[in-house]
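Step one of this worksheet: look at the structure below.
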């Protein structure tokens, strides 16, 4: 599969989140072509301050050997915040594919500076789902990014 | 209360983790003198890849207004890893008090560069509990820091 296909799986996660009344951001973690973890933002559904999509995907992947993370690609519909970027650095995930970074620009520069490959797809579907959410729920969105 | 007293509360959390068979690192979040969240590393107890002590403390504090985080001090028995440092940056927590950084040196420099006040107590009890754990469980410790 190519990046677009995996991003569509992350987008499916985002839609799952939206269907639950949550913030529509999704993520999948891929190793050797297989999705080993997927997740979406759980702030609203679980009252969670830490389960951003990447964190939820990491949590759902479970406890893994470091070598697994180090051969993974993380797909996320939106540019990763400092917490999620930090998790990527902690586990030395070498490649991050981002759906879009127009709604929010996260720590792409820090990731690149630390040697992580960052690919931005500028995907229109990823942009649309965030833009719609932010327009309707500006306060929830501000909360999610600590503003 | 002074830093030492709050650090003792974080250390109590670390001991709680140890009593559960977990990695003995604890954290408390303090606002206006009150502890609003406390937690400890849950890797072993809950098979969690994301609930480091600071993350667990943030999660236990629940969803908070940004102004609350922005007046908080986070106490952690050990120097914060990239993920936890990222969470501190996400929520704009202005001050972090660290029990010790000899067992592990985390992202103190990044935090300072972004304007976070970092205070290291070099507390002997914090050092001892980590040194004992790492000596007996080197593999679990390596897993927790992504190595």
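Picking from A:119, A:136, which residue would you name as being within 21 Å of residue A:71 (Cβ to Cβ) and more than 12 Å from chain B (Cβ to nearest Cβ)?
Exactly one of A:119, A:136 is within 21 Å of residue A:71 (Cβ to Cβ) and more than 12 Å from chain B (Cβ to nearest Cβ), namely A:119.
Tally the residues that are more than 7 Å from chain B (Cβ to nearest Cβ) and in a helix (DSSP H, G or I), restricting the search to region A:85-99.
1
For region A:40-57, which positions are outside any helix (DSSP H, G or I) and on the phi < 0 side of the Ramachandran plot?
Answer for region A:40-57, where residues must be outside any helix (DSSP H, G or I) and on the phi < 0 side of the Ramachandran plot: A:40, A:41, A:42, A:48, A:49, A:50, A:51, A:52.
Within region B:111-147, can you find the residues that are more than 18 Å from residue B:82 (Cβ to Cβ), without any contact (Cβ under 8 Å) to a residue 60 or more places away in the chain and touching a helix residue (DSSP H, G or I) at 6+ places or on another chain (Cβ under 6 Å)?
Hit for region B:111-147 is B:134, nothing else.
Please find, among A:61, A:49, the residue that is surrounded by 19 or more Cβ atoms within 10 Å (Cβ to Cβ), farther than 19 Å from residue A:134 by Cα and within 9 Å of chain B (Cβ to nearest Cβ).
Of A:61, A:49, the one residue that is surrounded by 19 or more Cβ atoms within 10 Å (Cβ to Cβ), farther than 19 Å from residue A:134 by Cα and within 9 Å of chain B (Cβ to nearest Cβ) is A:61.
Being surrounded by fewer than 23 Cβ atoms within 10 Å (Cβ to Cβ) and either assigned to a helix (DSSP H, G or I) or in contact (Cβ under 8 Å) with a residue 12 or more places away in the chain (or both) is the filter here; which residues of region B:64-78 pass it?
The answer is B:64, B:66, B:67, B:68, B:70, B:71, B:73.
Each value in this text was obtained by applying a stated rule to the coordinates, not by laboratory testing. Small disclaimer: the values here were computed from a predicted structure and weren't measured. Note that each Cβ is placed from the backbone with ideal geometry, even for glycine, and that neighbours are counted across all protein chains shown.
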